[in-house]
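Remarks on the structure that follows.
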Amino acid sequence: MRIAFMIPALSVLLAACGSKGAPNMVQPNQPAAVNAPGNAAPLAGNQTPEPVPAPDPEPAVPQHEAEYISFEGGLKVYPKAGRVELQVVLLGNQTRPLEFMLVSPGGATHESLFATGARGEHLKRCLEMIQLKEAETKRNGRGHLEVPLGDKVKISVRFRHSGKGVITTVPVEDWLWDILRNATPEPGGWVFTGSFEQYNPELNRSLIESDMKGNLIAVWRDSSCVIDNARKNGATPDVYSPNPAADGIPPGQSEVTLIFEAYKE
């Protein structure tokens, strides 16, 4: 009786397995499994895949080794390259004389060639980071006869040429006109005077006069600006104006880039 009971049970088990083969066996004539990315070889049976290690993340570049350092208002300094770049807006369609090359909010926009959202204090720090030194002896007032002192700065403008459509870089003097010379200003660069800094005890920090007035770069001499004009005609008002005949100059309100570097004689 015991043997008779086991035979029917064994028959049922063989019938269940016979048509499908043994459990967990790879069936013949089946295509090989496609490897998942990162697997070294096809997996068979119940073999558990080896975990694929994730690639090491790119190491973070320390701030002092980065290609550039950004400041607000589209201002960047490239310390190793010795260059400062600033996104500005060309204030075109002006015919009146200029007193400034660059102003920030609150500055004399109606008497400037460019406008920016950057701060004069940050521009000053960027120039220091490319090893330029401000004047130790400061001048006072506007239109002063004394030649401003400090390291010389080369200022260029990078823009899309309105006629050729290509990116072009020229000295910023090409976009100015000196009515006494009846020509563009003579070469010689600009001067990093550095403006004035005053400590404010209520704010517990120093304020720079350039930011208090909103005027960053002067064409008619102004000791409050970060950069001043050492040319002889810079002491006379109403001498400089925009140069509407500058080659490829874009229309007013166009965005361009000012480039600051050490001036080389």
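The values are calculated or read from the model by the stated rules, or taken from the named source; none is laboratory data. Since we're looking at a predicted model, the values are computed, not measured. Ideal geometry is used to build each Cβ from the backbone, glycine not excepted, and the neighbour counts take in all protein chains shown.
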Report, by residue number, each residue of region 158-191 that is in a strand (DSSP E or B) and more than 25 Å from the chain's Cα centre (by Cα).
-> Leu176, Trp177, Asp178, Ala183
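Is it the case, given these coordinates, that Asp222 is at pLDDT 95 or above and either touching a Gly at 6+ places or on another chain (Cβ under 6 Å) or closer than 20 Å to Leu90 by Cα (or both)?
On the way: at pLDDT 95 or above: yes; either touching a Gly at 6+ places or on another chain (Cβ under 6 Å) or closer than 20 Å to Leu90 by Cα (or both): no.
Considered against the rule, which asks whether it is at pLDDT 95 or above and either touching a Gly at 6+ places or on another chain (Cβ under 6 Å) or closer than 20 Å to Leu90 by Cα (or both), Asp222 comes out as no.
Can you work out which of the residues in region 236-265 that are among the hydrophobic types (A, V, I, L, M, F, W, C) and closer than 18 Å to Pro187 by Cβ is farthest from the chain's Cα centre (by Cα)?
Of the residues in region 236-265, the ones among the hydrophobic types (A, V, I, L, M, F, W, C) are 239, 245-246, 249, 256, 258-260, 262.
Remaining after also requiring closer than 18 Å to Pro187 by Cβ: 239, 246, 258-260, 262.
On the way: Val239: 33, Ala246: 26, Leu258: 11, Ile259: 11, Phe260: 13, Ala262: 19 Å.
It comes out as Val239.
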Among the numbered conditions (1) within 15 Å of Ala262 (Cα to Cα); (2) outside any strand (DSSP E or B); (3) at pLDDT 95 or above, tell me where Ile155 comes up short.
-> (2)
Go through region 106-145 and count every residue that is under 12 Å from Asn215 (Cβ atoms), within 23 Å of the chain's Cα centre (by Cα) and β-branched (Val, Ile, Thr).
-> 1
Would you be able to say whether some residue in region 167-175 is exposed (fewer than 13 other Cβ atoms within 10 Å of the Cβ), at pLDDT 95 or above and touching a Lys or Arg at 6+ places or on another chain (Cβ under 9 Å)?
-> yes
Where a residue in region 148-169 is of a type in the set (Val, Ile, Thr) and its partner, wherever it lies, is in a loop (DSSP other than H, G, I, E, B), with Cβ under 7 Å and at least six apart | Val153/Leu132; Val153/Gly189; Val153/Tyr263; Thr168/His161; Thr168/Gly248
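I need the full set of residues from region 139-151 which are crowded, with 16+ Cβ neighbours inside 10 Å and either part of a strand (DSSP E or B) or of a type in the set (Val, Ile, Thr) (or both), in order please. Don't jump to the end; show me each part of the working.
Residues of region 139-151 that are crowded, with 16+ Cβ neighbours inside 10 Å, as a first pass: 139, 142, 148-151.
Within region 139-151, just Arg142 meets the criteria.
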